[in-house]
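Participant: Provided herewith is a single structure, encoded as structure tokens, for subsequent inquiry.
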Amino acid sequence: MGTQTGPEVMAQFIPQSPFVAKLGIVAESLDAPDGVVRLRLPWDPGNVTLGDMVHGGAIAALADVTVMAAAWARADVPDSLRGVTVSMALQYLAPARATDLIGVGRALRQGKALVHCDVDVVTPSGDAVAKAIATYKVG
């Protein structure tokens, strides 16, 4: 694994994760020069709370997967790949109704093992739905 980049590892991992696949989350951009990653949660009536409102848990899952992708965007990939979200604070800003959602993530600070990340969850037109600040442990 040591010869792969973080974005390459994420491109392989995201479609193979059963939970991520169950939600339908797909990577749109994992290797932008500025380190910003973009993941999409497609609209699915199975991910609602009631009516057409996307469930907060589905939004949180999108934020968490986006944190992971952002943390690995510029990290060195060790031979024994491991990682975990250590903490995440999530603020819901507006309801998401019958829409795809985009997780836009970036690493704010990269230490040896801990990566502090920022994620905006937005609609495809850019309306803010949620904001997450998280710490992810790589390696």
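Participant: Quick one: Tyr92 ticks every box in (1) surrounded by fewer than 16 Cβ atoms within 10 Å (Cβ to Cβ); (2) touching an Asp or Glu at 6+ places or on another chain (Cβ under 9 Å); (3) at negative phi except a single one, so which number is it?
Facilitator: Only one criterion is unmet by Tyr92, namely (2).
Participant: So in segment 121-139, with the set limited to residues that are farther than 24 Å from Asp76 by Cβ and of a type in the set (Ser, Thr, Tyr), which one is surrounded by the most Cβ atoms within 10 Å (Cβ to Cβ)?
Facilitator: Checked segment 121-139; the qualifying residue surrounded by the most Cβ atoms within 10 Å (Cβ to Cβ) is Thr123.
Participant: Right, next: So which strands (runs of 3 or more DSSP E) stay within segment 1-58 end to end and still have 2 or more residues that are without any contact (Cβ under 8 Å) to a residue 60 or more places away in the chain?
Facilitator: Filter on segment 1-58 gives 26-29, 48-50.
Participant: Could you tell me whether any residue of segment 88-99 is at pLDDT 95 or above, assigned to a strand (DSSP E or B) and of a type in the set (Gly, Ala, Ser)? Outline the logic, then answer.
Facilitator: Looking only at segment 88-99, we keep the residues that are at pLDDT 95 or above, and these are 88-99.
Restricting the remaining residues to those that are assigned to a strand (DSSP E or B) gives 88-92, 97.
So of that shortlist, the ones also of a type in the set (Gly, Ala, Ser) come out as 89.
Yes: segment 88-99 contains one or more residues that are at pLDDT 95 or above, assigned to a strand (DSSP E or B) and of a type in the set (Gly, Ala, Ser).
Participant: Check segment 105-116 and report whether any residue there is among the polar types (S, T, N, Q) and either part of a strand (DSSP E or B) or touching a helix residue (DSSP H, G or I) at 6+ places or on another chain (Cβ under 7 Å) (or both).
Facilitator: Step one: list which residues in segment 105-116 are among the polar types (S, T, N, Q), which gives 110.
Then drop every residue that is not either part of a strand (DSSP E or B) or touching a helix residue (DSSP H, G or I) at 6+ places or on another chain (Cβ under 7 Å) (or both), which leaves 110.
Yes: segment 105-116 contains one or more residues that are among the polar types (S, T, N, Q) and either part of a strand (DSSP E or B) or touching a helix residue (DSSP H, G or I) at 6+ places or on another chain (Cβ under 7 Å) (or both).
Participant: Could you tell me which of the residues Val138, Val119, Val129 is closer than 18 Å to Pro7 by Cα and modelled with pLDDT of 95 or more? Write out each step before concluding.
Facilitator: Details: Val138 fails: modelled with pLDDT of 95 or more; Val129 fails: closer than 18 Å to Pro7 by Cα.
Only one candidate passes the filter, namely Val119.
Participant: When you go through (1) under 19 Å from Met10 (Cα atoms); (2) surrounded by fewer than 18 Cβ atoms within 10 Å (Cβ to Cβ); (3) of a type in the set (S, T, N, Q); (4) modelled with pLDDT of 95 or more one by one for Thr66, which number turns out not to apply?
Facilitator: Every listed condition holds for Thr66 apart from (2).
Participant: When the residues of segment 22-34 are filtered to those that are within 13 Å of the chain's Cα centre (by Cα) and either more than 15 Å from Asp100 (Cα to Cα) or aliphatic (A, V, I, L, M) (or both), which remaining residue is surrounded by the most Cβ atoms within 10 Å (Cβ to Cβ)? Talk me through it step by step, then tell me what you get.
Facilitator: Of the residues in segment 22-34, the ones within 13 Å of the chain's Cα centre (by Cα) are 23-30.
Narrowing the set further to residues that are either more than 15 Å from Asp100 (Cα to Cα) or aliphatic (A, V, I, L, M) (or both) leaves 23, 25-27, 29-30.
On the way: Leu23: 19, Ile25: 24, Val26: 14, Ala27: 21, Ser29: 15, Leu30: 21.
Applying the filter and picking the extreme gives Ile25.
Participant: Checking Asp64 against (1) free of Cβ contacts under 8 Å to residues at least 40 places away in the same chain; (2) in a helix (DSSP H, G or I), which single condition isn't satisfied?
Facilitator: Evaluating Asp64 over (1) free of Cβ contacts under 8 Å to residues at least 40 places away in the same chain; (2) in a helix (DSSP H, G or I) leaves (1) as the failure.
Participant: Mind checking which residues of segment 71-89 are charged (D, E, K, R) and surrounded by fewer than 14 Cβ atoms within 10 Å (Cβ to Cβ)? Lay out the reasoning, then the answer.
Facilitator: Start the filter on segment 71-89 by keeping residues that are charged (D, E, K, R), which leaves 74, 76, 79, 82.
Asp76, Asp79, Arg82 - these are the residues of segment 71-89 that are charged (D, E, K, R) and surrounded by fewer than 14 Cβ atoms within 10 Å (Cβ to Cβ).
The values are calculated or read from the model by the stated rules, or taken from the named source; none is laboratory data. Fair warning: this is a prediction, and the values are worked out from it, not measured in the lab. All Cβ positions, even for glycine, are placed from backbone atoms using ideal geometry, and neighbour counts span all protein chains on display.
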